[in-house]
Amino acid sequence: MKKVRGNYVKLATEIPDISTHDQAAELPALPARVTVHSGFHSQFLRNDRDISVYVPPGYDEQPDRRFPVLYMHDGQNLFDPRTSFIPGRTWRVAENADAAIEAGEVEPLIVVGIANTGEHRLAEYTPVRDRKIGGGETDIYGRLITEELIPFIRANYRTLEGPEHTGLGGSSLGGLVTLYLGLKFSEMFGQLAVLSPSVWWSQKNIISYVNEAKPVRRPRIWMDIGDAEGLPAIADADLLEMRLRARGWRPNIDLHYERIAGGKHDEASWAERVRPMLRFLFPSARWTKPQF
């Protein structure tokens, strides 16, 4: 629930805001090969945030090799059990990526987690302002990613450049902002991970945006919804998938849409989707036919 001008408004299936200060010291530390850059400063937004960077197995042993990059929202929930919304329960991105890479399913890649800033998460993750709830600062947040964070990552890590090597991902409002920014900056992002998207935001404005968007190129999109997330959320995701197909996305070629059996709107469920999502968006040369 969020208090808006004296009233409380339920944010549909949206997960609550997350604070970097809610940590459980007794929980395990970061997985191997994840580095946290604390207090990343932006000239565009009022709050600094932590940036977590996972590098794949063999990164240090291959000094001449460059890697694709997946940028992900809600970075607190991806790697560190001490900072996740529910302490101890993360997306297990490092563990899932390691397993997929070592199995030869996914090309080795870098994953960058962008921490949200708690009370400002809703504003940064919503493309348009809702009359009752507020929000609508995604365009500014997008400048942080495209003009400040990506240059920082490229300067400090060995990355491959170009949309074919650069992805963006998130869940819930993070899925909403991923699709919006991915279409707006299609010349930069060629892979989008849209998990449990909050299509409901501002009278489903994202549907109109998909109808009207003119991306330079169609990014490859993984989209899903859990069948335990509620009938309205499922219907919204079905509608979004239908509009993407109407705009030219091709099922299982550049669009994978799946209703996840038993899938819920939480970190444990999204963790189970990481590995198949990576297989679809960043398949290795040996992985010729996606399997789900």
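For this structure, a couple of remarks:
- All of (1) among the aromatic types (Phe, Trp, Tyr); (2) surrounded by fewer than 23 Cβ atoms within 10 Å (Cβ to Cβ); (3) out of contact with any Lys or Arg (no Cβ under 8 Å at 6 or more places or on another chain) hold for PHE67 with one exception: (3).
- Subset of the range 80-101 [open to solvent by 20 Å² or more (accessible area, probe 1.4 Å), of a type in the set (A, V, I, L, M, F, W, C) and part of a loop (DSSP other than H, G, I, E, B)]: PHE85
- Residue list for the range 95-125, filter: in contact with a helix residue (DSSP H, G or I) (Cβ under 6 Å, 6 or more places away or on another chain) and hydroxyl-bearing (Ser, Thr, Tyr): TYR125
Yes or no, residue by residue, for (1) out of contact with any helix residue (DSSP H, G or I) (no Cβ under 7 Å at 6 or more places or on another chain); (2) of a type in the set (A, V, I, L, M, F, W, C); (3) more than 18 Å from LEU179 (Cα to Cα):
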{"site": "ILE225", "(1), (2), (3)": "no, yes, no"}
{"site": "GLU229", "(1), (2), (3)": "yes, no, yes"}
{"site": "PRO232", "(1), (2), (3)": "yes, no, yes"}
{"site": "ALA237", "(1), (2), (3)": "yes, yes, no"}
{"site": "ARG245", "(1), (2), (3)": "yes, no, no"}
{"site": "GLY248", "(1), (2), (3)": "yes, no, no"}
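- Filtered residues of the range 54-94 (kept if under 13 Å from ILE110 (Cβ atoms) and out of contact with any helix residue (DSSP H, G or I) (no Cβ under 7 Å at 6 or more places or on another chain)): VAL55, GLY58, TYR59, ASP60, GLN62, ARG65, ARG66, PHE67, LEU70, MET72, ALA94
- Scanning the range 239-268 for residues that are in a helix (DSSP H, G or I), open to solvent by 10 Å² or more (accessible area, probe 1.4 Å) and either more than 19 Å from GLY174 (Cβ to Cβ) or free of Cβ contacts under 8 Å to residues at least 60 places away in the same chain (or both) yields a count of 6.
The values are calculated or read from the model by the stated rules, or taken from the named source; none is laboratory data. Note that the structure is predicted; figures quoted are calculated from it, not measured. For neighbour counting, all protein chains shown are included, and Cβ atoms are generated from backbone atoms with ideal geometry for every residue, glycine included. For the accessible areas, the whole protein counts, side chains as well, though only heavy atoms, and no ligand, DNA or RNA atoms are used. Shrake-Rupley method; radii C 1.70, N 1.55, O 1.52, S 1.80 Å.
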